[in-house]
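Just so it is clear, none of the values below were taken in a lab; they were calculated from the coordinates. Please read all numbers here as calculations on a predicted model, not as lab measurements. When we count neighbours, we look across all protein chains shown, and the Cβ atoms used for this are built from the backbone with ideal geometry, even at glycine.
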Amino acid sequence: MTNTFDRPGTTPVVRRRRPAFAAPRDEIDLPPLDQIAPTLDPPWLKEESDTPDRKAAYRHPDGHRLGVRIQSRGLAIQTWITAGPDLPPLPDGGTATEQAEAQAARDARLQPGRTWHAVFNTRTSEALATDLGALVRDRLLPALTNKPRGLPAPPPPTRIGQPDPTSTAEGTQK
């Protein structure tokens, strides 16, 4: 019997172990996704899924696709939208300014086959179904007509025990 350490040219596999003092990994017990998945108005159609408790997918007649999936341990829900294969046609007539505006609106769209993702943090939500529906309506669906350029950075955390540099007190100047 040959040991992997005895064979020349092989590297032993090193497995990292969690230290005994490490806290247990976070896990959130979420309701099944089919209970909290957003309901989209027609013409969006919900597709059948092999795992309706973990993944939901929607299809639009124009070829757009939207998906929602619970990530491992339930700490986050991944959402995405993919643009359909066709862009709306540019109008034939009109002035050069109108043509330029139509082209700019077309360029601002999520391009065919491109995907926009948004992650939903389940630990900070009080009403999962409502918040997930708002994320889909307010951030994913608008990406089809006006692709996001990025998300603003979150504000820095406040330091405990230190004064807030943004607050000003009146009457304390010397």
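Odds and ends about this structure:
- Full extension of the segment from Asp62 to Asp138, taken as 0.36 nm per residue of separation minus the current Cα-Cα distance, would add 25.4 nm.
- A DSSP coil position with no more than 14 other Cβ atoms inside 10 Å describes the following trypsin sites (Lys or Arg not before Pro) in region 59-145: Arg114.
- Here the convex hull built on the C-alpha positions of region 57-108 has a volume of 82 cubic angstrom per residue.
- 3J(HN,Hα) couplings calculated from phi for region 105-114 with the Karplus curve 6.51 cos²θ - 1.76 cosθ + 1.60 (θ = phi - 60°) are, in sequence order, 5, 5, 5, 6, 6, 5, 6, x, x, 7 Hz; Gly and Pro show x.
- Environment charge at Ala57 (Cβ cut-off 10 Å; Lys +1, Arg +1, Asp -1, Glu -1): +3
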